[in-house]
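Participant: I have a structure I would like to understand better, so I am pasting it below and will then ask my questions one at a time.
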Amino acid sequence: GQQVMQIPQYQHVQEGEDFTTYCNSSTTLSNIQWYKQRPGGHPVFLIQLVKSGEVKKQKRLTFQFGEAKKNSSLHITATQTTDVGTYFCAQPGSGNTGKLIFGQGTTLQVKP
Amino acid sequence: DAGVTQSPTHLIKTRGQQVTLRCSPKSGHDTVSWYQQALGQGPQFIFQYYEEEERQRGNFPDRFSGHQFPNYSSELNVNALLLGDSALYLCASSRWTGVYNEQFFGPGTRLTVL
């Protein structure tokens, strides 16, 4: 069945250090989405990647979609305490219904 | 413009009981999906409602059922509650435009089964 693997599960960094989370799928994806969930909160949409090799930036966040459209990454430059939370990648489920299959998430802790 | 709203925010039930959770989608959205998020896990798709019908279902037993009303709001019902049903239940709304893009999640209902 469809699966999306996300690593690492946890990451502790010192404020100012960089952070990267990786997402790998067993199948070729039509697109991939990234969400952020703050502690005690709900997932909030960050971005959707559609094209092979696509790279998108949002301030200190850089999102990349692999050439084969089977993997993706999220890189945060110079982390801040506001970056704390769990970052999920999500791939579309079967059928064009908007169903999402989420990875296990990477929880980021930032030490001030 | 209110986003996705859910009620109640917290709920405590005992095994064997039944529960109903409610969701109002973001204005202009016609599709509601329900997800279950266990502690430390990613959200798991339960089912999706569009045009008042269940359009797709995840790997959840028939104890989980739902409904969508003409105003696009939705309910999730869980019968014969088990301890393992304790989780955060998230409602996500979206709008069908020929494709689906981002999902807007509500704040969730935290269900505890004792």
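Read-outs throughout are calculated quantities, based only on the coordinates presented, and are distinct from any laboratory measurement. Computed from a predicted structure; not experimentally measured. Ideal geometry is used to build each Cβ from the backbone, glycine not excepted, and the neighbour counts take in all protein chains shown.
Participant: In nanometres, what is the gap between the two model label sites at A:LYS56 and B:ASP62, each 7 Å from Cα along Cα-to-Cβ?
Facilitator: 4.1
Participant: Here's a follow-up. Pick out, in residue order, every one of the trypsin sites (Lys or Arg not before Pro) in the stretch B:6-36 that is DSSP loop and has at most 13 other C-beta atoms within 10 Å; say none if there are none. Intermediate results must be reported in sequence, preceding the final value.
Facilitator: Numbers: sites: B:LYS13, B:ARG15, B:ARG22, B:LYS26; in loops: B:ARG15, B:LYS26.
Passing both the DSSP loop test and the Cβ count: B:ARG15.
Participant: For the pair B:SER7/A:ASN96, report the inter-label distance in nm, with labels modelled 7 Å from Cα in the Cβ direction.
Facilitator: That separation, rounded to one decimal, is 3.7 nm.
Participant: Here's a follow-up. Return the ratio Rg/(2.2 N^0.38 Å) for the protein assembly as shown, where Rg is computed over Cα atoms only.
Facilitator: On the way: Rg = 17.6 Å, N = 226, 2.2 N^0.38 = 17.3 Å.
Cα Rg divided by the expected 2.2 N^0.38 Å: 1.02.
Participant: Among the aspartates and glutamates, which have Cα under 14 Å from the Cα of B:LYS26 when same-chain residues fewer than 8 positions away are ignored?
Facilitator: B:ASP1, B:GLU102
Participant: Okay, next question. Order B:27-37, B:66-76 from most to least packed using the mean count of other Cβ atoms within 10 Å. If you can, show how the numbers build up before the last one.
Facilitator: On the way: B:27-37: 20.9, B:66-76: 17.5.
Per-residue mean Cβ counts within 10 Å order the peptides as B:27-37, B:66-76.
Participant: What nm value, rounded to one decimal, do you get for the distance between B:GLN17 and A:GLN14 when each label is placed 7 Å out toward the C-beta?
Facilitator: My value for the distance between the label points is 5.0 nm.
Participant: Also: Enumerate by residue number the GluC sites (Glu not before Pro) in the stretch B:19-60 meeting two conditions: DSSP loop (anything except H, G, I, E, B), and at most 16 other Cβ atoms within 10 Å of the site's Cβ.
Facilitator: Values: sites: B:GLU51, B:GLU52, B:GLU53, B:GLU54; in loops: B:GLU51, B:GLU52.
Loop-located and lightly packed - B:GLU51, B:GLU52.
Participant: Longest span of chain A, sites excluded, free of trypsin sites (Lys or Arg not before Pro) in DSSP loop with at most 16 other C-beta atoms within 10 Å? Can you show the working numbers first?
Facilitator: Values: sites that count: A:LYS51, A:LYS59, A:ARG60.
Segment A:61-112 is the longest.
Participant: Say the cut-off is 23 Å between C-alpha atoms; which of A:LYS36/A:LYS59; A:LYS59/A:LYS111; A:LYS51/A:LYS111 go over it? Before the final figure, lay out each step's value.
Facilitator: Working: A:LYS36/A:LYS59 15 Å; A:LYS59/A:LYS111 21 Å; A:LYS51/A:LYS111 35 Å.
Going by Cα-Cα distance, A:LYS51/A:LYS111 fall outside the 23 Å limit.
Participant: Oh, and also: How high is the relative contact order of the stretch A:10-86? Use alpha-carbon pairs under 8 Å, at least six apart in sequence, and give a whole percent.
Facilitator: Numbers: 145 pairs, mean separation 29.4, N = 77.
Once normalised by length, the contact order is 38 percent.
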